[in-house]
Amino acid sequence: MSKIEINNLTVDYTEKKNRFTALKNVSFSIEDGEFVSVIGSSGCGKSTLLSILEGINTPTAGEILINGEPIRGTGTDRGVVFQHYSLFPWMTARKNVAFGIKQVNKDASRTERLKIADEFLEKVGLEGFKNKYPSQLSGGMQQRVAIARALAMDTDIRTILQELLLELWEGDGTSARKTVVFVTHDIDEAILLSDKIVMMTANPGQVYSEIKVPFDRPRNRAELVQTQEYNQFRNKLLAMFYSDIVSKIGGDEVVL
């Protein structure tokens with residue numbers, strides 16, 4: 001049984017009496033500890049897929065199973081980092097992280113929560129900024145606080161929209177890797193981070209292809225990008241990506 005199973009997922013919306021389909025019969029699976037990137041042009045339903053996975057929205061048809069159980073709303077078994085970081089502006093970085101811990105471990109004392117928060121802020125390089133408020137942090141720092149909070153919650157699944165996780169995800173080999181669903185428009189980023197890439201097409205959003213990334217871990221970006229194998233693989237993904245755009249606007253076919 002896969003960690004996450006997405007089965008025939010369809011999502012329809014009605015806007016100003018017009019009905020459109022954001023996702024249509026989307027199916028793929030994600031194994032325990034796997035890092036999967038979802039990539040595709042605008043309108044392919046990436047954000048909609050994440051909203052269903054998080055439990056914020058419900059599908060028109062189909063389902064998502066986690067450990068064999070269908071998603072029923074939001075839950076503490078899923079940690080999320082959104083693009084806008086979702087930090088509480090009235091809390092320091094330390095308290096933002098501690099708040100997330102409290103949601104999944106209500107028995108932990110305040111001292112314990114703050115200690116864990118400090119540990120994860122140190123892991124993302126923010127030990128010197130723990131008492132700063134979000135407005136006092138750069139965008140990148142705010143992002144790292146959000147990542148620290150998601151990781152410190154120690155949930156089973158991480159739905160991640162930004163980079164800065166690869167080193168933490170790979171860890172030191174002493175603990176199990178988390179399961180990650182990562183949305184990106186950056187093909188190079190997807191190759192570096194992922195075990196598998198799910199390429200989607202738009203209007204409606206459908207799975208075009210599932211591609212296993214053929215490079216061993218750990219990966220060194222500087223070394224990897226200089227290899228012929230990397231460039232051939234990257235060009236293949238680019239051809240898939242842009243062939244979808246060309247098909248929507250018209251023009252010459254992209255040859256793989």
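Worth a mention:
- Averaging the Cα positions of each part gives two centres, and for segment 41-75 and segment 84-130 these lie 27 Å apart.
- Equivalent ellipsoid semi-axes - Cα gyration tensor, segment 114-157, angstrom: 17, 12, 8
- For Val38, residues with placed amide H under 5 Å, excluding near neighbours: Phe182, Val183, Thr184, Val198
- Choice from Val198, Val225, Val181 with maximal GNM fluctuation in the chain (Cα, 10 Å cutoff): Val225
- When shorter helices are ignored and each DSSP H run of at least 4 residues is given -39500 (n - 2.57), the per-residue value for the chain at 222 nm works out to -10500 deg cm²/dmol.
- Sorting the segments 204-215, 182-193, 101-112 by their mean number of nearby beta carbons within 10 angstrom, highest to lowest, gives 182-193, 204-215, 101-112.
- Label separation (Asp77 vs Gln228): 4.7 nm, computed from points 7 Å beyond Cα along the C-beta direction.
- Heavy-atom surface of the chain, accessible at 1.4 Å and reported per residue (Å²): 53
- Debye log10 I(q)/I(0) for segment 79-155, one point scatterer per Cα, at q = 0.17, 0.21, 0.22 Å⁻¹: -0.52, -0.81, -0.89
- Test item: Cα-centred dipole of segment 79-155, Lys/Arg +1 and Asp/Glu -1 on Cβ, debye: 200
- Simple Cβ-charge dipole of the chain, Lys/Arg +1 and Asp/Glu -1, about Cα centre, in debye nearest 20: 980
- Tail beyond 30 Å, pair distance distribution of the chain (Cα, percent): 33
- Listed peptides 5-13, 66-74 by packing density, highest first (mean Cβ within 10 Å): 5-13, 66-74
The values are calculated or read from the model by the stated rules, or taken from the named source; none is laboratory data. Quick caveat, the model's predicted, so the values are computed rather than measured. No Cβ is skipped: glycine too gets one built from the backbone with ideal geometry, and neighbour counts run over all protein chains shown. Just the protein is used for accessible areas: all its heavy atoms, side chains included, with ligands, DNA and RNA removed. Shrake-Rupley method; radii C 1.70, N 1.55, O 1.52, S 1.80 Å.
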